[in-house]
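Below is one structure, written out as structure tokens; the observations come after it.
The values are calculated or read from the model by the stated rules, or taken from the named source; none is laboratory data. Computed from a predicted structure; not experimentally measured. Quick reminder, even Gly has a Cβ in these numbers, built from the backbone with ideal geometry, and neighbours come from all protein chains shown. Just the protein is used for accessible areas: all its heavy atoms, side chains included, with ligands, DNA and RNA removed. Shrake-Rupley method; radii C 1.70, N 1.55, O 1.52, S 1.80 Å.
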Amino acid sequence: MEFTESYKQTGPCCFSPNSRYLAVAVDYRLVIRDSFSLKVVQLFSCLDKISYIEWARDSEYILCGLYKRPMIQAWSLSQPEWTCKIDEGQAGIAYARWSPDSRHILTTSDFQLRLTVWSLLNTACVHVQWPKHASKGVSFTKDGKFAVICTRRDCKDYISLLSCHTWEIMDDFPVDTLDLADVEWSPDDSAIVVWDSFLEYKVLVYSPDGRCLFKFQAYESGLGVKSIVWSPCGQFLAVGSYDQMLRVLNHLTWKNFAEFIHLSTVRGPCAATVFKEIDEVLQLDMSGLRLSDDFIRGNSDNHPEAPVTVRYKIMELPISLPSLKPLVDKPNPKQGVGLLSWSSDSQYLFTRNDSMPTVLWIWDMRRLELAAILVQKEAIRAAAWDPTCPRVILCTGSSHLYMWTPTGAYCVSIPLPQFTITDLKWNLDGSCVLLKDKDSFCCAAVPPLVPDSGEEEEDDEDEDEDDYDDDSSDID
């Protein structure tokens, strides 16, 4: 991996959807850099400190949330002189997002009084009353033609279906939730999943016309759903719960076909490889050097500690994993599956049980088993899959970057002094990773993942078998 030098940042940073640009907030300035060379290509000045930035889907426009004002400013990369300012006045702005066509901005007012759709093509705007959430509760279809918005009125949760062409409400139906937490379209746009707050375990799947296709409730009388993520292929729905279980539903029958538990002690037989981060003292071989005793004595006095690096050590089973006991007398207990994400090919997914914040679990959905466990020295701050292949990177607030692939796990030291990684993001083509410190950032070029030779041989054998079957059918 190759690392750039560090640059200043004071807020959000993100790659453009086409992976060509990197937007960086520096106080009230929006800096647009080339994602390859990191040279500044555009510089925009906002009216206040930038709290939030988001690219339009076509990478032509970018909006900045100035939530202290509160105000939204939008900019164009191809027309630097063009600008847009949205001010809701006394209603305020709690959140803003782009529409899929990149020509409309959706803002949610303070106290969720209304959601407004602003057009960049004309001065028209459309209002949706009583949105349920500010930053959540809105989801678009993959083709960008429709949107669903969670609303609440008369002490009841509703789903409003809107056309992204006219922004008219096409349908509005109630959902069977006490306090709806969020909503998400399926990747194939055929179903809408909603789930209740953590006070009640309830996952509901609706058709776009409002029919309830399935209701999933794993248990009662306990804290419920903590995280839900669709697989990229759209065939699986992963549900992480406060009971420290991961459950996976299939899209045909909506039945639960796999359950994975996060145990504090892992015993055999188990196919998973356990990687534990350990310190390693660098041993320098000085046998070939002829040094005086005075030099060796003085050098040891000035540098009493040997240089230390980190590496992964493969542990044997059984192994006890570090865990925390949640405080029962405080709200929002640190337990349950709080971090959950699928690989781009839908074969793997990783989880983090919040009562074991230093452990990352990687599950193999093809074999329905645990593939690997990464045990870190510090709590995991962020983790993300490569958008192009089954490779995950994570950070723990240290000066090291950690990586896992099906072939093994690695520790990479950052060659920047006093740079600790607190957050990370991939660009969409998987060639670069953004690494953030408290007040600076750098980028790392990531080499392409070389397929395992064993997997290639298996694929070749499968292709040969398919060819043989095809030839046999032709003979018959």
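For the stretch 4-12, the criterion of being touching a residue at least 24 places away in the same chain (Cβ under 8 Å), part of a strand (DSSP E or B), within 17 Å of residue 440 (Cα to Cα) and open to solvent by less than 60 Å² (accessible area, probe 1.4 Å) is met by at least one residue. Among the numbered conditions (1) touching an Asp or Glu at 6+ places or on another chain (Cβ under 8 Å); (2) free of Cβ contacts under 8 Å to residues at least 40 places away in the same chain; (3) exposed (fewer than 13 other Cβ atoms within 10 Å of the Cβ), the only one that residue 143 does not meet is (2). Looking only at residues in the stretch 402-417 that are of a type outside the set (Phe, Trp, Tyr) and closer than 17 Å to residue 362 by Cβ, the one that is surrounded by the fewest Cβ atoms within 10 Å (Cβ to Cβ) is 408. Looking at 423, 439, 429, which one is of a type in the set (D, E, K, R), within 17 Å of residue 392 (Cα to Cα) and in contact with a Lys or Arg (Cβ under 7 Å, 6 or more places away or on another chain)? Step by step, each of 423, 439, 429 is checked, and only 423 is of a type in the set (D, E, K, R), within 17 Å of residue 392 (Cα to Cα) and in contact with a Lys or Arg (Cβ under 7 Å, 6 or more places away or on another chain). The set of residues in the stretch 94-139 being open to solvent by 30 Å² or more (accessible area, probe 1.4 Å) and either touching a residue at least 60 places away in the same chain (Cβ under 8 Å) or outside any loop (DSSP other than H, G, I, E, B) (or both) consists of 95, 101, 110, 111, 112, 114, 118, 125, 126, 127, 129. Where strands (runs of 3 or more DSSP E) sit wholly within the stretch 256-368, those with at least 1 residues that are surrounded by fewer than 15 Cβ atoms within 10 Å (Cβ to Cβ) and modelled with pLDDT under 95 occupy 256-261, 273-281, 308-315. Within the stretch 207-233, residues that are free of Cβ contacts under 8 Å to residues at least 24 places away in the same chain sit with their Cβ atoms under 8 Å from residues that are part of a loop (DSSP other than H, G, I, E, B) and among the aromatic types (Phe, Trp, Tyr), at 6+ positions apart or across chains, in these pairs: 217/201; 220/201; 222/201; 222/242. Given the structure, is residue 39 modelled with pLDDT of 95 or more, more than 20 Å from residue 99 (Cα to Cα) and surrounded by fewer than 21 Cβ atoms within 10 Å (Cβ to Cβ)? It is true that residue 39 is modelled with pLDDT of 95 or more, more than 20 Å from residue 99 (Cα to Cα) and surrounded by fewer than 21 Cβ atoms within 10 Å (Cβ to Cβ).
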